Amino acid sequence: VGSGKIGDQLGAEVAEINGESISQREFAMHYEREIQRYRDLLKGSLTPEMLKGLNIKGNLVESLIQKKLVLQEAQTLGLTATDDDLANHLSKVPEFQIGNRFSKDRYLQVLQANRLVPSQFEQDQRDQLTMQRLYSVILDAVHVTDAEVRERYRIEQEKINLYYLKLAVADFAPQV
């Protein structure tokens with residue numbers, strides 16, 4: 001578990017996680033993406049009141065801190081995605097293919113149409129691949145037997161038949 005501090009909003013960094021910072025620029029870029037995602041989702045009916053209620057800034061800071069911690073742990077364990085991993089991943093994305101083959105021109109067109117810079121997009125993809133590797137290692141380490149699954153199901157689905165009578169205390173108080 002890492003430590004972190006949230007910086008002054010006017011400073012150069014939003015947060016620092018184990019010596020690695022989240023810059024104002026990085027935060028602003030993710031914030032704009034998140035706002036655009038909500039605008040697209042709500043078809044332009046996003047109001048300032050809705051923005052305030054969504055607490056996008058607070059949730060985004062938490063999310064970025066969590067991402068940094070996961071990436072730091074993956075790096076410590078040597079699970080960082082390589083250039084070859086990234087190239088292999090991108091070559092399989094259907095949106096970047098023409099005739100079932102990766103097309104660099106198509107790749108650049110799609111990124112430009114979505115207002116994405118290739119270097120930033122590729123870093124985001126590399127981070128996602130790295131995090132997936134760490135999660136896979138964690139999931140592979142968890143073993144659940146069939147008996148444990150059946151027992152859990154039995155406990156969650158178990159029902160009892162319960163019958164009761166409601167009696168007035170005053171009717172029995174003289175006999176006690």
Can you tell me how many residues within region 55-76 are in contact with a helix residue (DSSP H, G or I) (Cβ under 7 Å, 6 or more places away or on another chain) and of a type in the set (A, V, I, L, M, F, W, C)?
6
Helices (runs of 4 or more DSSP H) (entirely within region 91-172) containing at least 1 residues that are open to solvent by 100 Å² or more (accessible area, probe 1.4 Å), more than 30 Å from residue 76 (Cα to Cα) and not aromatic (Phe, Trp, Tyr):
104-113, 146-157, 169-172
Quick one: how many residues across region 70-90 are in contact with an Asp or Glu (Cβ under 9 Å, 6 or more places away or on another chain) and either assigned to a strand (DSSP E or B) or within 15 Å of residue 111 (Cβ to Cβ) (or both)?
2
Mind counting the residues in region 77-90 that are within 10 Å of residue 133 (Cβ to Cβ) and surrounded by 13 or more Cβ atoms within 10 Å (Cβ to Cβ)?
4
If you go through region 23-50 one residue at a time, how many are in contact with an Asp or Glu (Cβ under 9 Å, 6 or more places away or on another chain) and hydroxyl-bearing (Ser, Thr, Tyr)?
1
Of all the residues that make up region 21-58, how many are modelled with pLDDT under 85 and touching a Lys or Arg at 6+ places or on another chain (Cβ under 8 Å)?
1
So residue 57 clears everything in (1) within 22 Å of residue 110 (Cβ to Cβ); (2) part of a helix (DSSP H, G or I) except one condition, right? Which one?
(1)
Determine whether residue 70 is surrounded by 14 or more Cβ atoms within 10 Å (Cβ to Cβ), within 27 Å of residue 37 (Cα to Cα) and touching a residue at least 60 places away in the same chain (Cβ under 8 Å).
yes
By residue number, the members of region 37-54 that are assigned to a helix (DSSP H, G or I), open to solvent by 60 Å² or more (accessible area, probe 1.4 Å) and either at positive phi or not basic (Lys, Arg) (or both) are 40, 41, 48, 49, 50, 53
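The values are calculated or read from the model by the stated rules, or taken from the named source; none is laboratory data. On a predicted model such as this, the values are computed, not experimentally measured, just so you know. With ideal geometry, Cβ positions are generated from the backbone for all residues, glycine too; neighbour counts draw on all protein chains shown. Note: areas computed on protein heavy atoms with side chains; ligands, DNA, RNA excluded. Shrake-Rupley method; radii C 1.70, N 1.55, O 1.52, S 1.80 Å.
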